[in-house]
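J.: First the structure, which I've put down as structure tokens, then a few questions once you've had a look.
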Amino acid sequence: MQGERVPIDAQQVDAPLSRFAVFLVMTVADGGEALGTVREVVSGIDDLVKTVGFRDLEAKLSCVVGIGRGLWDRLSPERRPIELHAFPPVAGAVHSAPSTPGDLLFHIRAERQDLCFEFERLLLGQLGDAASVTDETHGFRYFDARDLLGFVDGTANPIGRMLPDASLIGDEDPDFAGGSYVVVQKYLHDLDAWARLSTEEQEAVVGRTKADNVELDDAVGPQLAHKTLATIVGDDGEELEILRDNMPFGRPGQGEFGTYFIGYTRRLWVIQLMIKRMFVGQPPGFHDRILDVSTAVTGTTFFAPSNPVLRGLAAAGEPTT
């Protein structure tokens, strides 16, 4: 079915929402040996998926590989996706979105936690000392696809034929068609502060009803709801969508509760504008009130190349004769 709706050989950025996920961000060591190991591992990621996933094909194990700007320039210095650059930090009057290091992103998804675990274990074994973990977050589906604030997440995702148009690069950058820009941010929630708000107040912040996920009318302003601030409209009046695969995470014993935001997009500037509107406000000074209980602690941008480009990274490192 995927081949029918995505006619190019893209990575599985459109894999269905899974029960479990691992978001693994890594930095690559200096030197040619480390770079060679990374080339070999990322170009052969499909083989590792098959090695682990054959145990239960119904569990739908998948892994999307994202590559940061700095590493991309080491792997392929001759050419680069048009919009690929490091995550720009955003400083609002009250809240800030930091930019944090990351050369590699592995977005691992499956219906079984043990398959995610085994895949990550083998992956890290293959990489060895070539790369080190800067952030490892284990996500899970929470009830009917809700975040830990109690609201359904991902409602605005594109579906059907709109999905590749929103998430996959096209003719505007033909060398990288079928690839996708990826932005990740890790948010930590103050659930006690959130619980002190009434349901009606929470709904006004989010822009949807809590129980049945019905979209509320836009506020007159100037304070806009989260769903409005995160909606970007093009010059033609049409909404410019992105593909979100956010997941809750947490450790109640450590008082840690959060949402891992991951957005795939054809147009990196769209996500960047969403984040700016949230933290600076639209108009400026009226930031997204969800940030009063949700703190961004990471922010990194990656490029997820198409499968042919990903596999070609191995050959790109071979010496010419």
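J.: When you scan region 188-205, do you find a residue that is over 19 Å from the mean Cα position of the chain (by Cα) and among the β-branched types (V, I, T), even just one?
T.: yes
J.: Can you go through E58, E33 and tell me which one is acidic (D, E), closer than 23 Å to R141 by Cβ, touching a residue at least 40 places away in the same chain (Cβ under 8 Å) and open to solvent by 10 Å² or more (accessible area, probe 1.4 Å)?
T.: Result: E58 is the single residue among E58, E33 that is acidic (D, E), closer than 23 Å to R141 by Cβ, touching a residue at least 40 places away in the same chain (Cβ under 8 Å) and open to solvent by 10 Å² or more (accessible area, probe 1.4 Å).
J.: Ok, one more. Just to be sure I understand the filter: pairs with C-beta atoms under 7 Å, separated by 6 or more residues or on different chains, first member in region 182-200 and crowded, with 16+ Cβ neighbours inside 10 Å, second member part of a helix (DSSP H, G or I) and of a type in the set (A, V, I, L, M). Which pairs pass?
T.: If the second residue must be part of a helix (DSSP H, G or I) and of a type in the set (A, V, I, L, M), the pairs left are V183/I271.
J.: Still on this structure, please answer the following. I'd like to check something: does region 272-282 contain any residue that is surrounded by fewer than 21 Cβ atoms within 10 Å (Cβ to Cβ) and at pLDDT below 95?
T.: The answer is yes; a qualifying residue exists.
J.: Which one of these is over 26 Å from V297 (Cα atoms), of a type in the set (D, E, K, R) and open to solvent by 40 Å² or more (accessible area, probe 1.4 Å): R121, R141, R69, R74?
T.: R74
J.: Which residues, taken from region 222-250, are open to solvent by 40 Å² or more (accessible area, probe 1.4 Å) and more than 21 Å from F106 (Cβ to Cβ)?
T.: If the condition is that a residue be open to solvent by 40 Å² or more (accessible area, probe 1.4 Å) and more than 21 Å from F106 (Cβ to Cβ), then P222, Q223, H226, T231, V233, D235, D236, G237, E238, E239 are the ones that fit.
J.: Answer yes or no as to whether D235 is over 26 Å from R19 (Cβ atoms) and assigned to a loop (DSSP other than H, G, I, E, B).
T.: Yes.
J.: OK, next. When the residues of region 158-169 are filtered to those that are assigned to a loop (DSSP other than H, G, I, E, B) and at pLDDT below 95, which remaining residue is surrounded by the most Cβ atoms within 10 Å (Cβ to Cβ)?
T.: My answer is P158.
J.: Here's something else I'd like to know. Only one residue in D103, D129, D135 is farther than 21 Å from G263 by Cα and charged (D, E, K, R). Which one?
T.: Exactly one of D103, D129, D135 is farther than 21 Å from G263 by Cα and charged (D, E, K, R), namely D129.
The values are calculated or read from the model by the stated rules, or taken from the named source; none is laboratory data. Note that this is a predicted model, so its numbers are computed, not measured. Quick reminder, even Gly has a Cβ in these numbers, built from the backbone with ideal geometry, and neighbours come from all protein chains shown. All accessible areas refer to the heavy atoms of the entire protein, side chains included, with ligands and DNA or RNA removed. Shrake-Rupley method; radii C 1.70, N 1.55, O 1.52, S 1.80 Å.
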